[in-house]
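The values are calculated or read from the model by the stated rules, or taken from the named source; none is laboratory data. Bear in mind the structure is a predicted one, so any value in this text is a computation, not a measurement. Glycine also receives a Cβ, built like all others from the backbone with ideal geometry; neighbour counts cover every protein chain displayed.
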Protein chains: 2
Amino acid sequence: MNVLWIFAHPEQRSLAGSLMTEGLRTLKALGHEHRVSDLYAMDWKAVVDADDFGTAPDERLFVGAEQERAYADGELSADIRREQEKIAWADTLVLHFPLWWFGPPAILKGWFDRVLVQGFGFGIKGPDGRTLRYGDGGLAGKRALIVTSVGARESGFGPRGIHGHLEEVLFPLLHGTFWYTGMAALPPFAVYGADRLTEAGHARSAEALRERLRTLETTPPLPFHHENGGAYDEDLVLRPQFAPGRSGVGVHR
Amino acid sequence: MNVLWIFAHPEQRSLAGSLMTEGLRTLKALGHEHRVSDLYAMDWKAVVDADDFGTAPDERLFVGAEQERAYADGELSADIRREQEKIAWADTLVLHFPLWWFGPPAILKGWFDRVLVQGFGFGIKGPDGRTLRYGDGGLAGKRALIVTSVGARESGFGPRGIHGHLEEVLFPLLHGTFWYTGMAALPPFAVYGADRLTEAGHARSAEALRERLRTLETTPPLPFHHENGGAYDEDLVLRPQFAPGRSGVGVHR
């Protein structure tokens, strides 16, 4: 299996850094190939702007349209094309980041914003002319795993925990980004209480991560509905027979 | 009222740009003061790194601890301190951005990551020694409004829409950022179908925004529970008498 590990932490000498080292070693021992995008080390440009497409500064910038055009014309900036090439190579993406303000650090958000452009990550039409999204699309067939760390205790991220159930807090990534582009979203892997982790806690986290990597190919992904699988009506609303009487992001699985 | 308008769109000559112009004009006509953080125009640095705190490059960087120390010592970089000063001045924050991958563009995510540091936005202790969060905290008493635009139709963002109910998709901002730091989260304002908006549609959006700004002081915020108000137990789990039998991010209001 080919694994692309995207790392978004400013400090290699961190818990996250040592977990990545451990993770890559494990992948190798399992016989998988891996490549790494260490966004801080690469000095990854986080912000979408006209330089991504070579748009002239006096032209009005339509971001989505320019992304699509520049992708089709092979005119996206070289750093973006390199990431797209790595994604194309990979069977599985690992997104590894500390949870900041309940989402990815800006440098990783900018990786999604800049790399997953229309035509590559989404916006591809199927044989019937419908756009392929949510379970189908540019990255269909791949899997994606979040590896994250949070300072808070696990109970606060449970189904009724104050911070919000982790799978729902991460819905914009799991469903809105991975599943949207066709990738199967694996249950996220989280290290809790990361600020106060003892050596034993660290060892437990490393072992838990190794176990998740051993089952990377077999772990059932989150069972989101396919957009074109019959669960949604023409207005893209979940039909009443699915999760009857319920609402909220939890109904989509 | 003092309003800080934070704008995160790369193109002033966009729907978003003209809505901001309209919004600022409305605020002025209503007798409110405003200041603007136009993040692209400011060339806002999106990425947290050691330069924010003057940490020596060979020192291991503990982001949270360094943010707290540098804030206390007045050593955060000048661009961060200027934003904190604007927030302190403001009664209301308007966060205005196109929804990219179901969240804020990286440049705005980085504004949260860099500006809302421990000691300023959160991590302040109350008289009983408990940390003030979720309804209390560094920014208590302020209000925050999201103004966003999305390409998709409104139905897809409804309570059972495929993209996820907008208020739940934005939970990391509304609850995890605004409410976490003490700010009352107003119901978000969204322009749907923004890519295909007709002139009439644009006029309707502008009028709807004006109406939201006219009622900025009186609109009831989203009724999230206070952390220290009795709704949560010692593990920060919602007590069974609230939203009985339900789970997911929707239970917190």
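Observations, loosely collected:
- Test: A:Ala200 is under 17 Å from A:Trp101 (Cβ atoms), out of contact with any Asp or Glu (no Cβ under 6 Å at 6 or more places or on another chain) and modelled with pLDDT under 95: no
- Given (1) in the same structural domain as B:Glu33 (by TED's automatic domain parsing); (2) over 21 Å from the mean Cα position of the chain (by Cα), number of the condition B:Pro244 does not satisfy: (1)
- Flag if A:Leu174 is modelled with pLDDT of 95 or more, within 24 Å of A:Asn2 (Cβ to Cβ), assigned to a helix (DSSP H, G or I) and not charged (D, E, K, R): yes
- Residues of the range B:195-216 include at least one that is farther than 20 Å from A:Val251 by Cα and at the interface with another protein chain (Cβ under 10 Å from one of its Cβ atoms).
- Listed by first and then second residue, the pairs linking a residue in the range B:173-202 that is without any contact (Cβ under 8 Å) to a residue 40 or more places away in the chain and within 18 Å of A:Val150 (Cα to Cα) to a residue that is aromatic (Phe, Trp, Tyr) and outside any helix (DSSP H, G or I), with Cβ atoms under 9 Å apart and 6 or more places separating them unless they lie on different chains, are B:Gly176/A:Trp101; B:Gly176/A:Phe102.
- Filter pass, A:Arg246 being exposed (fewer than 15 other Cβ atoms within 10 Å of the Cβ) and not in a loop (DSSP other than H, G, I, E, B): no
- Among (1) surrounded by 21 or more Cβ atoms within 10 Å (Cβ to Cβ); (2) touching a residue at least 40 places away in the same chain (Cβ under 8 Å); (3) part of a helix (DSSP H, G or I) - the single one A:Glu66 does not satisfy: (2)
- Of the set (1) closer than 27 Å to B:Lys45 by Cα; (2) modelled with pLDDT of 95 or more; (3) small (Gly, Ala, Ser), all apply to A:Gly64 but (2).
- Residue check for B:Arg114: crowded, with 20+ Cβ neighbours inside 10 Å and assigned to a loop (DSSP other than H, G, I, E, B): no
- Scanning the range B:227-247 for residues that are under 12 Å from A:His163 (Cα atoms) and either touching a residue at least 12 places away in the same chain (Cβ under 8 Å) or hydrophobic (A, V, I, L, M, F, W, C) (or both) gives B:Glu227, B:Leu236, B:Val237, B:Leu238.
- Here B:Glu207 fulfils each of the conditions (1) part of a loop (DSSP other than H, G, I, E, B); (2) at negative phi; (3) more than 21 Å from the chain's Cα centre (by Cα) apart from (1).
- B:Ala200 vs. criteria surrounded by fewer than 21 Cβ atoms within 10 Å (Cβ to Cβ) and closer than 27 Å to A:Val237 by Cα: yes
- Taken over the range A:54-68, the residue count meeting the criterion of being farther than 25 Å from A:Phe7 by Cα and under 24 Å from the mean Cα position of the chain (by Cα) is 5.
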